[in-house]
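Single-structure report; data block below.
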Amino acid sequence: MRLGLYSSCGDLTCEDLPGSCGHEETDAGTFARWGVSYLKYDYCHVVDMQTDANGGKQFPSQTPPFLYIGITPLDEPGKEAGYAAETAEVSGGVRVEDGALRGLSCNAGWALFRVNAPSAGTYSLAVCYQKSFSERRQFALAAVNDADDYELWFPRSSGWSETGRVHVNIKLNQGENTIRFYNPVTGQKEDSYLRYRRMERGSLPPPGVWGTTSATPGIRFWPAMKQQTACGSFSAPARTTTLTCSKWA
């Protein structure tokens, strides 16, 4: 006999119980410790409730203007290397205007920075952005060396102060690296992909789970989940590899 569970990528499940939104890594690790073999992962309470972290039907398609980015070694917090908006390469509708990168919203294009790291390791990536009144969080992805990408969330704001900073830890190689910023979200399809990916990424088995001595890259605790409906009801028939869901071009 195997144990199966149900959750949702929204704040609530269909039964109005707590969902996994914002707690994907914690939930995935908990399910793994419990020995769960199956997960039905729904899209409930994402598009129909304003309590959702993304603001209900307002998907996270907006990105604020960037003023500069900073790269800091974690073991040397006083040594931030700054890169102004004007140093970025841009595409599509992204442009530098009044000292800020603008136009990153709604998959309109990207901005690419070339940064240098004295050694390979983990660095703090800071993004200084221009604030304005916003009732909902804003969003961007940072793709490092066109491989690993990291989510950046900008909190809602009254616009009282002019600038803000958000941080995320990233992995850099020694020498030159590229960091490409973009926001692929235009609607429900991309939003659902991001939500399911968070749970899938959090489901890599930790050391000791399933008799392993270390987490094996590419092997997921959750089985290959298949999208059954447009809203993304996922099921898990067996422990295999990865999430299958259409990614943006």
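Bear in mind these aren't lab numbers, they're just calculated from the coordinates by the rules spelled out. Quantities reported herein were computed from a predicted structural model and do not represent experimental measurements. Neighbour counts are summed over all protein chains in view; Cβ atoms, including those assigned to glycine, are modelled from backbone coordinates with ideal geometry.
Only aspartates and glutamates eight or more places from LYS131 in sequence, or on another chain, were considered; those with a Cα closer than 19 Å are GLU86, GLU97, ASP98, GLU151, GLU162.
Mean separation of Cα pairs under 8 Å and 6+ residues apart, divided by the residue count of region 66-182: what relative contact order is that in percent? Don't jump to the answer; show the numbers that get you there.
Values: 282 pairs, mean separation 34.3, N = 117.
This gives 29 percent for region 66-182.
Taking amide H as placed 1.01 Å from N in the peptide plane, the amide H of SER105 sits under 5 Å from that of THR63, each at least 5 places away or on another chain. The alpha carbon centroids of region 107-125 and region 61-75 are separated by 9 Å.
Here the Karplus relation 6.51 cos²θ - 1.76 cosθ + 1.60, evaluated at θ = phi - 60°, turns the backbone of region 6-13 into coupling constants of 10, 8, 9, 8, x, 5, 10, 8 Hz, with x for every Gly and Pro.
Using θ = phi - 60° in the Karplus curve 6.51 cos²θ - 1.76 cosθ + 1.60, the 3J(HN,Hα) couplings for region 80-92 round to 7, 9, x, 9, 6, 4, 5, 8, 7, 8, 10, 9, x Hz; x is entered for Gly and Pro.
Direction-averaged shadow area of the convex hull around the Cα atoms of region 66-182, nm²? Present the calculation step by step, with values, prior to reporting the outcome.
Numbers: hull surface 28.1 nm².
Across all orientations, region 66-182 yields a mean hull projection of 7.0 nm².
Ordering GLU200, GLU151 from the fewest to the most neighbouring beta carbons within 10 Å gives GLU151, GLU200. Checking the a/c ratio against 1.5 first, then a/b against b/c, what shape does the Cα gyration tensor give for region 120-188? Oblate is the answer for region 120-188, as a/c is 1.5 or above yet b/c matches or exceeds a/b.
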